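Step one of this worksheet: look at the structure below.
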Amino acid sequence: MDNLREKEQKLLESLVRLDTITDLVVGSKKKIVDLQEVKAKLETEKNDLNVKLSTLENENDGLKAELHDLENSMNRDDSTGENLKDKILKIEEENSELKKSILKLEEDLESSRYKVIQAEKKKSEVSKRLDELNQEANDLLGSEEW
């Protein structure tokens, strides 16, 4: 009987171990299924991130191209600005020369006006003197009638 008891005891222990192993297998299968779900989610997330990365790289390339275009535009604007500055300086120099010429012409005009006024005074004096001489001549001719 002891032998039977012992066998029964061993059988019970074997059953407990079998139950434990069965529980472990069921738990492992559940964990495998859970891990497969996590793996699938991670794969999906990885694919989504790859798509986002590709999109960001494309946007980055586009922004780099825009930046390059902007730099070129600014360089052209700088060059154009320098050309405009040079033209403005040249125009200012010409303007300064024109102002000097105008001042000289105004001085000449003022001098000419003064000369005209002096000439008109002399003309008036000469005209007056001629009138006086004409009057004297008329007086001389009128007093000695033939």
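For GLY81, are the conditions met, namely being under 30 Å from the mean Cα position of the chain (by Cα) and free of Cβ contacts under 8 Å to residues at least 40 places away in the same chain? Break it down into steps so the answer makes sense when it comes.
Working: under 30 Å from the mean Cα position of the chain (by Cα): yes; free of Cβ contacts under 8 Å to residues at least 40 places away in the same chain: yes.
The answer is yes for GLY81.
Just give me the residues in the range 1-39 being surrounded by 10 or more Cβ atoms within 10 Å (Cβ to Cβ) and either touching a helix residue (DSSP H, G or I) at 6+ places or on another chain (Cβ under 8 Å) or among the polar types (S, T, N, Q) (or both), in sequence order. Step through it out loud before you land on a result.
As a first pass, look at the range 1-39 and keep what is surrounded by 10 or more Cβ atoms within 10 Å (Cβ to Cβ): 6-39.
Scanning the range 1-39 gives GLN9, SER14, THR20, THR22, SER28, GLN36.
Do we have ASP78 as out of contact with any Leu (no Cβ under 8 Å at 6 or more places or on another chain) and at pLDDT 90 or above here? Let's see the steps before the verdict.
Details: out of contact with any Leu (no Cβ under 8 Å at 6 or more places or on another chain): yes; at pLDDT 90 or above: no.
In short, no.
The values are calculated or read from the model by the stated rules, or taken from the named source; none is laboratory data. Everything numeric in this text was worked out from a predicted model, so none of it was measured. Because the Cβ atoms are built from the backbone with ideal geometry, glycine has one as well, and the counts that use them run over all protein chains shown.
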